[in-house]
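Q: My structure is below; once you've seen it, I'll send some questions.
The values are calculated or read from the model by the stated rules, or taken from the named source; none is laboratory data. Since the structure is predicted, the reported quantities are computational estimates derived from the model, not experimental observations. Cβ sites come from the backbone with ideal geometry, for glycine too, and all protein chains shown count toward neighbours. SASA here: full protein model, heavy atoms, side chains in, ligands and nucleic acids out. Shrake-Rupley method; radii C 1.70, N 1.55, O 1.52, S 1.80 Å.
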Amino acid sequence: MSDLTLVLLAAGEATRFKKPVKKQWLRIGSDPLWLHVLETFRAMQLFDRLVVVGHADELHYMKRHTNDEKVRFVEGGTSRQASLNNALESVDTPLVLVSDVARPCVDETVCKTLLSAVERADCTVPTLPVPDTVWYDGEPIDRKHLLRIQTPQLSRTEILKKALDSGTEFTDESSAIHAMGGKVAFIAGDASLHKLTFAGDIALLPCLTSPDTSVRFMGTGFDVHAFEKGKPMRLGGVNIEAPMGFKAHSDGDVAIHALIDALMGAAGMGDIGELFPDTDAAWAGADSAKLLRHVVHLLTHTGYEIVQADITIVAQTPRISPYKDAMRFRLAELLQLPPQHMNIKATTSEKLGFVGRGEGVAVQAAATLKFFDWTQS
Ligand code: MG
């Protein structure tokens with residue numbers, strides 16, 4: 001154990017990656033890439049604390065993957081540097097090792113070599129020579145003066161904090177510390193630390209093993225809403241002709257709410273109230289289709305594909321059967337599913353209970369997910 005914190009930057013938008021799944025969520029077996037990288041670092045037993053920086057939309061889900069007290073999750077910013085600054089606020093060890101999740105094939109030897117060189121500089125970085133001939137501004141230049149900089153990089157925490165405080169945007173810690181006159185030392189990097197930027201980079205990263213596509217994840221959801229007179233009724237994403245709607249913080253689409261819970265259940269994401277708290281004014285009167293779309297994007301970005309969904313609407317009134325098909329096509333569209341993989345069932349409660357007394361509607365839902373196979377598409 002040393003006086004060392006790991007910062008793992010995993011908050012990027014991954015816009016250049018051009019796959020439905022964000023690169024930090026590629027499934028390696030069944031673990032997301034960021035967790036796979038975190039576990040690799042954790043197994044080295046070098047760190048007092050490990051800080052993972054995640055995208056604001058994904059932080060809630062990330063936190064559900066570990067209860068290790070040494071691991072802390074921090075919300076990312078709009079740039080790499082803003083994310084790093086957020087992370088550094090919670091770093092109180094003298095040394096910090098910063099790594100990009102985009103360099104996933106982390107090498108323990110490189111980390112130990114960085115640590116052994118700690119006395120030599122304010123920032124120590126792995127580098128590679130440039131084997132190609134390089135032209136700059138119309139002239140070939142001597143490549144022996146060129147170095148490719150990799151991560152992870154080891155920095156003195158206080159110096160790095162000051163260096164990043166200058167207002168200038170840097171692409172890494174070594175440039176920031178160099179710009180303020182700090183000393184940067186180089187060690188030999190490793191080709192395995194190649195950066196994952198484009199989908200084509202996957203072939204150069206042997207640690208990225210295939211997702212386990214044999215598993216199906218199943219989730220269930222259940223929701224009840226009472227009727228409220230004088231409100232329009234939305235159910236299963238369609239308008240229903242009825243003299244009342246549902247009492248709710250959002251539009252009260254009880255079928256979509258149950259479906260969201262089934263999807264979140266399958267992914268181990270918690271429940272609808274955790275993502276869209278009814279204390280949050282942003283969701284007051286919200287179209288539930290918007291909430292469902294948000295969850296579908298979240299599932300897609302985090303490495304899932306929806307396989308099918310099935311819901312049962314329990315209502316004494318209004319009559320559901322005339323709307324079943326419209327709901328099915330609408331929900332299939334929202335889930336980006338073939339319509340035959342979205343099923344709607346309707347039943348009464350034989351005049352029993354609150355449903356039978358015409359006080360409200362109950363909906364039960366089930367959904368199945370699998371991991372997106374990034375090796376195939
Ligand atoms: Mg609800």
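Q: Among MET327, MET269, MET244, MET264, which is the only one that is more than 30 Å from GLY29 (Cβ to Cβ) and in contact (Cβ under 8 Å) with a residue 40 or more places away in the chain?
A: Result: MET327 is the single residue among MET327, MET269, MET244, MET264 that is more than 30 Å from GLY29 (Cβ to Cβ) and in contact (Cβ under 8 Å) with a residue 40 or more places away in the chain.
Q: Might you check whether a residue that is over 25 Å from LYS112 (Cα atoms), within 16 Å of the ligand (Cβ to nearest atom), of a type in the set (Ser, Thr, Tyr) and open to solvent by 30 Å² or more (accessible area, probe 1.4 Å) occurs anywhere in segment 198-218?
A: no
Q: Test GLN45 against the criterion of being more than 18 Å from the chain's Cα centre (by Cα), in a helix (DSSP H, G or I) and in contact (Cβ under 8 Å) with a residue 12 or more places away in the chain, and give yes or no. Steps first, please.
A: On the way: more than 18 Å from the chain's Cα centre (by Cα): yes; in a helix (DSSP H, G or I): no; in contact (Cβ under 8 Å) with a residue 12 or more places away in the chain: yes.
The answer is no for GLN45.
Q: If I filter segment 220-270 down to residues being acidic (Asp, Glu) and farther than 14 Å from ALA289 by Cβ, which single residue comes out as nearest to the ligand (Cβ to nearest atom)? Reasoning before the result, please.
A: Filtering segment 220-270 down to residues acidic (Asp, Glu) leaves 223, 228, 241, 251, 253, 261.
Okay, now just the ones that are also farther than 14 Å from ALA289 by Cβ, so 223, 228, 241, 261.
On the way: ASP223: 4, GLU228: 13, GLU241: 21, ASP261: 9 Å.
Here the answer is ASP223.
Q: Same structure again: Which of the residues spanning segment 49-66 are under 17 Å from LEU6 (Cα atoms) and surrounded by fewer than 16 Cβ atoms within 10 Å (Cβ to Cβ)? Break it down stepwise before answering.
A: First, the residues of segment 49-66 that are under 17 Å from LEU6 (Cα atoms): 49-54, 62-63, 66.
Selection gives LYS63 alone.
Q: Filter segment 67-85 down to residues that are open to solvent by 60 Å² or more (accessible area, probe 1.4 Å) and of a type in the set (S, T, N, Q) and give me whichever is nearest to GLY268 (Cα to Cα). Steps first, answer last, please.
A: First, pick out the residues of segment 67-85 that are open to solvent by 60 Å² or more (accessible area, probe 1.4 Å): 67, 69-70, 72, 75, 78, 80.
Applying the additional criterion that residues be of a type in the set (S, T, N, Q) yields 67, 78.
On the way: ASN67: 15, THR78: 27 Å.
Restricting to residues being open to solvent by 60 Å² or more (accessible area, probe 1.4 Å) and of a type in the set (S, T, N, Q), the top hit is ASN67.
Q: Which members of segment 158-188 meet the condition of being part of a helix (DSSP H, G or I) and closer than 21 Å to LEU146 by Cβ?
A: The answer is GLU173, SER174, SER175, ALA176, ILE177, HIS178, ALA179.
Q: From the list ALA286, ALA332, pick out the single residue that is more than 19 Å from the chain's Cα centre (by Cα) and either within 16 Å of the ligand (Cβ to nearest atom) or over 30 Å from PHE17 (Cα atoms) (or both).
A: Numbers: ALA332 fails: either within 16 Å of the ligand (Cβ to nearest atom) or over 30 Å from PHE17 (Cα atoms) (or both).
After applying the criteria, what remains is ALA286.
Q: Then there's this: Which residue, of ASP251, ASP271, is modelled with pLDDT under 95 and either open to solvent by 40 Å² or more (accessible area, probe 1.4 Å) or not assigned by TED's automatic domain parsing to the domain that holds CYS105 (or both)?
A: Values: ASP271 fails: modelled with pLDDT under 95.
Exactly one residue qualifies, and that residue is ASP251.
Q: With respect to ILE141, determine if the residue is farther than 30 Å from TRP25 by Cα and open to solvent by less than 10 Å² (accessible area, probe 1.4 Å). Outline the logic, then answer.
A: Numbers: farther than 30 Å from TRP25 by Cα: yes; open to solvent by less than 10 Å² (accessible area, probe 1.4 Å): no.
So ILE141 fails the test.
Q: Inside segment 1-29, can you point out the residues that are of a type in the set (S, T, N, Q) and either touching a His at 6+ places or on another chain (Cβ under 6 Å) or modelled with pLDDT of 95 or more (or both)? Before you say what the answer is, go through the steps one by one.
A: Narrowing segment 1-29 to residues of a type in the set (S, T, N, Q): 2, 5, 15, 24.
Those that are of a type in the set (S, T, N, Q) and either touching a His at 6+ places or on another chain (Cβ under 6 Å) or modelled with pLDDT of 95 or more (or both): THR5, GLN24.
Q: What strands (runs of 3 or more DSSP E) completely inside segment 80-156 contain at least 1 residues that are in contact (Cβ under 8 Å) with a residue 60 or more places away in the chain and farther than 19 Å from MET180 by Cβ? Walk me through how you get there before you give the answer.
A: Working: elements: 95-100, 123-129, 134-136, 139-141, 147-149, 153-156.
Where strands (runs of 3 or more DSSP E) fall fully within segment 80-156 and carry at least 1 residues being in contact (Cβ under 8 Å) with a residue 60 or more places away in the chain and farther than 19 Å from MET180 by Cβ, they are 95-100, 123-129.
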